[in-house]
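See structure below.
The values are calculated or read from the model by the stated rules, or taken from the named source; none is laboratory data. A quick note: this is a predicted structure, and the numbers were derived from the prediction, not measured. So basically every Cβ, Gly included, is an ideal-geometry build from the backbone, and we count neighbours across all protein chains shown.
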Amino acid sequence: MAAVQSGMGEGVEEKDIKTEPASDGFGNNNANDGRLVSTSPGSNAPAASNKPVAGGPPEDQQTLLAVLQFLRKNKLTESVEILRREAGLPEDDLDPNGADSSGAGTGGAAGSVDSDAGDASSLLTRVTVSSSAAAQAPTKGTIQSDCCQVYDGASGGPVPGNSAAGEDQPDVSVVLSAYSQQGDPALYEVYYSSLKRFIETVLDCHRAELSQVFYPLFVHMYLELVYNNHENEAKAFFEKFSGDQECYYEDDLRVLSSLTKKEHMRGNETLLDFRTSKFVLRISRDSYQLLKRHLQERQNNQIWNIIQEHLYIDIFDGMPRSKSQIDAMSGSLAGEAKREANKAKVYYGLLKEPEIELPLDDEDEEAENEEGKPKKKKPKKDSMGSKSKKQDPNAPSQSRIPLPELKDSDKLDKIMYMKEATKRIRLGPDNLPSICFYSFLNAYQGLTAVDFTDDSSLIAGGFADSTVRVWSVTPKKLRKVKSAADLNLIDKESDDVLERIMDEKTASESKILYGHSGPVYGISFSPDRNYLLSSSEDGTVRLWSLQTFTCLVGYKGHNYPVWDTHFSPHGYYFVSGGHDRVARLWATDHYQPLRMFSGHLADITCTRFHPNSNYLATGSSDRTIRLWDVLNGNCVRIFTGHKGPIHALAFSPNGKFLASGATDGRVLLWDIGHGLMVGELKGHTDTIYSLRFSRDGEILASGSMDNTVRLWDAMKAFDDLETDDFTAATGHIHLQDNSQELLLGTYLTKSTPVIHLHFTRRNLLLAAGAYNP
Amino acid sequence: MADREERRFAEVHRESVKLMAESAGVELGDDVAALLAEDVCYRLREATQSSSQFMRHAKRRKLTVEDFNRALRWSNVEAICGYGAQDALPFRSVKEGELFFVEDRDINLVELALATNIPKGCAETMVRVNVSYLDGKGNLEPQGTVPTAVQSLSDDLLKYYQQITRAILGEDPHLMKVALLDLQSNSKIAALLPYFVYVISGVKSVSHDLEQLSRLLHMVKSLVQNPYLYLGSYVRSLVSSVMYCILEPLAASINPLNDHWTLRDYAALLLSHIFWTHGDLVSGLYHQILLSLQKVLSDPVRPLCSHYGAVVGLHALGWKAVERVLFPHLPAYWANLQAVLDDYSVSNAQVKADGHKVYGAILVAVERLLKMKALSLSQPAEGTSNAQPGSVMGAMGYRVSSPGLSPPPEPLSEAALGIASHLQAGGAGCPWEEWTPVPLPAMYCELYSFFGDSLAVRFSTGPGFGSYPPCTQSQLSDTRKEPSGPASNPDTTRKMPQLTANLNISPRQDGSPRTDPPPPSLAATGSGRSLARSSSMQRSRSSSSRSGQRSAGLSRDVFPKARFTSPQTGPPVFSFLIGGRQMGRRCQGRRPFQTTFAPTPPFSTIPPRAYAHKLPVIGRVGKPVRRWTCSHYSLHLPL
């Protein structure tokens, strides 16, 4: 148990250390929030330090209590003190009996004598999730093994004889070993097949719904068998029933099938996820009643217990869903999202653009004398329009999160943007963009990431040999700023001082940035083109200056490969996510993260900021997409439906929609406001690595490993659904299969996977990839 | 084992484990080895699974040793040393031993260190851009210009450019032909387009060298005809070069021996070709060009060769352009022209010769104008197809129908067939809303007042048969004979026989015998010119022979030499139409016209021809006709 103590202690203490630097991340007004993130490891368990204790959500409070209880038991009095102080809990709340038992939605095991135990069990489960996911900052490996030790200790530890009756065991550690309860291993097959028979005989309308139970049940029964050392029975069980499972669970089943020994369960992350999270099913009330009655009649306690303990059944009133509806939403590692998970209000509207008067100059209207005049008026009108435009009712308030003030250079850039925007080509099904493909030649070292600046003047590539290379796409060469000694010599009062500080001798078309010690998996330009972020396998995110072409900061926090990083559209903030399943929000001038977003059950594979910078989306290999609120760190949306790890995300320019692409070759479209899937685009035959909406949002471009760029009619996809509001109320989507109608074009490269897409400000599509003969 | 196979996993056999243990000096029991084997299998699978995510994030399809090593490292296992290569390792098997191994060759370090053929470092990573232009329907356009910022010319392209320009501007005509042909069909020269355009814009610097000018024009033609090239905005530059050749008083035209007329004709033809094939790119230019032509025409200071260029340019832009610009200017211009033509002084001979050129060009242009106008009016039912012949027929690239409908007087003998139809395209494609056209009768009257019978006869006989558009060659020659019959009858009232030659050439085939129109070489021009000079000297009151000679001797001349460009093949047919300058009988020739055009007032009541008497009669039979009649393909009509 010593390892446990130290492990947990470290975890907690480390958080305390982090509190200080993080709290001033947003300035003083947000200090509380900063502390919040650090005290509650799980994002869905924000403790209520700024609220009265009683007002806090009971679950959160219980989590805290459970942690405190655990700490006290392990005599970590110091940590207890700190935690209590931070959370603002009164001393007497630490009495275990004082804990509120009402909120334990999971403690429904029949005949639970001691309600505390029920609470604690569920709580600890949750704590483990967070500790295995969130709190593993410095030593992920050890913490994980710690958990296993706890686990082992439970089964063979100080409380012998209790393993068969977990619900009676007041000690929390025992409850972790949920699988220890068991019946006759030989009967598992009987139970399962009798349920199967039952479900096959029910009415059609219920069958599809009830069939959802098969997969989680199968997994958990198999794991129980394995856990209890019934290797042969487990194998037989797997052989017999694995073929019945939906094909999209194939990958998980493969992992599962390789696992036949109890020892193997240790450290297997997929397994850990299964054990510690509840598989969520949505079932209509009728179907659920049917299942319940059947199980109770048959006295099929084994299965009933599993359903009670490991599944979360989200019961809804109304018509049972059809098979296609269910298939559209399932596929994630932990089932569908609970309906209430997507109920929070999301301010998806765009922030008001700062008002900048556009100076009228005619320099760009040469030659076109006749056309020049009407053109000139347009930008004027536009800027007028934005002034008079009222605040979008769905937009967050302008100061919801503090954003950096616009510098003069930013304003100039905005003006440039507006000018370009007036020349933008209006795209549509009849007017597709031309595609400009940037092929990386001789990229033997392996191109892993690409990004363009917003104005398309620079292109950067991250390579597997740890380098980052930046090219200039325009004739303007890349120049470094002169050295300090030389800078002293120049006349600082001169008008062209910005030009003078550049060192002509360093001008070149490309620059190489050295600093990482592993493949660079993610890369992102800052909106003002002064910085470049890169995230690497070495666990760091680096910030590079594009003035000096040197590394400015190495952000350490992820101790595992960082798969992706993305700058906020307003600059200053950025997000990173990686193998440690935690997304972190950073500010460029803080070396510690401001927020940690934990909740994903597997690696975070891609990260994206919402256009209004108030939210960010993360895609994960647990096959879910989560939308997080930057302000309070809450997970506000969980989107399930992909059948493979998600590798591409894109917000529509109006902020309303999200598109996601995964290894399953499908693009899914999501309505953020309603939390619904609104479209499915089938066509790609391999992983989708890049998605991008055109500047006006009419066209969605997707680039894939199958060497194609496909263009989709996004307008049509989104238009069709707005006529339908039944789905918004029930959350049950009904997608028509119109991928072929929406597909506007498929464009093949020779032999180049498309790993990045970008629309220029005038709506020319740029694509990039490494030629891969 | 059977069930294990179904799991599709590679298994490490317990024997292997034992073997490995033995090699490390450990003796293992069977059960231990079995357990170990199973565990090893599991660990390997686990490591493989986690290594696959490194592969996915590196956006590769191939799992590398490096990926596996990373997976091992992150699960706190020592990485495998030795195989860091990115390439696949050759995996060999030994049949008899059922043994698989990775080839591990010995490397002679000494040899390697002392090797002289040091391998070059791998090429630098670079970004290359390819553009796929999509048209409105999302189809890929073949190829486009490449942003020069990113594109640097490869050595091959540079070499190609040098070779081509050298060949075209060089001495060897054969090489030039090859180069032009390649320029016309090469699909990979988009990047060179700006360079070629630049070369062509050099016309201004070689205005003294007709040969070079025409070579550059040929280059324009090849570029325009290249189906893989997207000319984009470069078309403007090309058009301006062509316009230079049409309009400018070239240095070469100082010497009367230089046949700059041909160059102008050819340039005009090119212009119409550009307008026809790249109408979408140059539509904005149409107005500008018309304006500049008009300016030249109304500027009396300009030399006559510029005026000639303006007229053929207008002609090239279509009959509507002629109607819009040339026709209104005609009265004003006529005075000047006539002054030139009436001056019989020796010193004026050269200028006068030029004046005749202009006269001929104008005549050709207005004839077609009348013809087309009559057609568009007289065939309202077919108006749609006839009003815009360029867009309808021209789209096919052929003059499919109505060869006799409007054989545009083709000023160039050398031009490619089928190109004549483009002449109408420019005008037909451009709308004229703001201009109310002069009604046809009035127009005819006015023109008649200028040209007199020379206009009337030719107008009525040749193209007038356009009312039978689908007539074949044989029919055509028959019908042609018909009017010529009475005309050739000895007519007592006829004072002055007139001949107009309508040259109908069916699509020219290589190898078909052809004795006539010789290519406009300098020698031919020279002879024509000397003839003209001599004739102009002995010119009397009605001396118009010069033009007649020209028309017959040089088929490229402005005289009506209607060419059939229909795709039908057949022997070339020439027909001569002979009419007399006869006041009383002139209706005969015009009859087809009159019958198809009802509202025309009788022509006998036409106002007095103010200028006609003073005008030279054009198309008088002279010596050259006899030359012509020698040809197999001409019809000799004794007068």
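Observations on the structure shown:
- Among the residues of this structure, A:L681 counts as one that is surrounded by 23 or more Cβ atoms within 10 Å (Cβ to Cβ), assigned to a strand (DSSP E or B), among the aliphatic types (A, V, I, L, M) and at pLDDT below 95.
- Taken as a whole, the structure places B:S240 among residues that are surrounded by fewer than 23 Cβ atoms within 10 Å (Cβ to Cβ), free of Cβ contacts under 8 Å to residues at least 40 places away in the same chain and assigned to a helix (DSSP H, G or I).
- Only a single criterion out of (1) at pLDDT 90 or above; (2) in contact with a Ser or Thr (Cβ under 9 Å, 6 or more places away or on another chain) is not satisfied by A:P475, namely (1).
- Filtered residue count, the range B:196-215, keeping only those that are touching a residue at least 40 places away in the same chain (Cβ under 8 Å) and either of a type in the set (D, E, K, R) or assigned to a helix (DSSP H, G or I) (or both): 11
- Residue that is modelled with the lowest pLDDT [pool: residues in the range A:442-452 that are surrounded by 16 or more Cβ atoms within 10 Å (Cβ to Cβ) and within 12 Å of chain B (Cβ to nearest Cβ)]: A:Q445
- When residues in the range B:59-90 are screened for being more than 14 Å from chain A (Cβ to nearest Cβ) and at pLDDT 75 or above, 2 of them pass.
- Inter-residue pairs, beta-carbon under 9 Å, first facing chain A (nearest Cβ under 7 Å) and closer than 18 Å to A:G769 by Cα and in the range B:116-133, second in a strand (DSSP E or B) and at pLDDT below 75, 6+ apart: B:S132/B:L140
- Residues in the range A:453-463 that are facing chain B (nearest Cβ under 7 Å) and either surrounded by fewer than 22 Cβ atoms within 10 Å (Cβ to Cβ) or among the polar types (S, T, N, Q) (or both): none.
- Among helices (runs of 4 or more DSSP H) entirely within the range B:284-366, having at least 1 residues that are under 20 Å from B:L250 (Cβ atoms) and at pLDDT 85 or above singles out B:285-297, B:304-316.
- Residue within the range A:605-615 that is in contact with a Lys or Arg (Cβ under 6 Å, 6 or more places away or on another chain) and either β-branched (V, I, T) or at pLDDT 95 or above (or both) present: no
- Of the residues making up the range A:627-663, just one is over 18 Å from A:H756 (Cβ atoms), assigned to a strand (DSSP E or B), in contact with a Ser or Thr (Cβ under 6 Å, 6 or more places away or on another chain) and of a type outside the set (V, I, T), namely A:C635.
- For the range A:518-529, the count of residues that are without any contact (Cβ under 8 Å) to a residue 60 or more places away in the chain, surrounded by fewer than 20 Cβ atoms within 10 Å (Cβ to Cβ) and within 14 Å of chain B (Cβ to nearest Cβ) is at least one.
- Number of residues in the range B:61-81 that are surrounded by fewer than 16 Cβ atoms within 10 Å (Cβ to Cβ), outside any helix (DSSP H, G or I) and out of contact with any Leu (no Cβ under 9 Å at 6 or more places or on another chain) equals 6.
- A:L594 free of Cβ contacts under 8 Å to residues at least 60 places away in the same chain and closer than 30 Å to A:K414 by Cα: no
- Criterion (within 9 Å of chain B (Cβ to nearest Cβ) and assigned to a helix (DSSP H, G or I)) met by exactly one of A:E250, A:E233, A:E224, A:E263: A:E263
- Matching option when the condition is outside any loop (DSSP other than H, G, I, E, B) and modelled with pLDDT of 85 or more, among A:V190, A:V219: A:V219
- Selection within the range B:1-34 - within 14 Å of chain A (Cβ to nearest Cβ) and at pLDDT below 85: B:M1, B:A2, B:D3, B:R4, B:E5, B:E6, B:R7, B:R8, B:F9, B:A10, B:E11, B:V12
- Filter pass, A:A587 being touching a residue at least 12 places away in the same chain (Cβ under 8 Å), surrounded by 24 or more Cβ atoms within 10 Å (Cβ to Cβ) and away from chain B (no Cβ under 14 Å): no
- The condition (being within 7 Å of chain B (Cβ to nearest Cβ) and touching a residue at least 60 places away in the same chain (Cβ under 8 Å)) is satisfied by just one residue among A:I435, A:I425: A:I435.
- Positions within the range A:467-483 being within 12 Å of chain B (Cβ to nearest Cβ), part of a loop (DSSP other than H, G, I, E, B) and charged (D, E, K, R), in sequence order: A:K476, A:K477
- Here A:D495 clears all of (1) part of a loop (DSSP other than H, G, I, E, B); (2) within 14 Å of chain B (Cβ to nearest Cβ) except the condition numbered (2).
- Here the range B:24-60 is the region considered, the condition is being surrounded by 18 or more Cβ atoms within 10 Å (Cβ to Cβ) and polar (S, T, N, Q), and the residue that is nearest to the chain's Cα centre (by Cα) is B:Q53.
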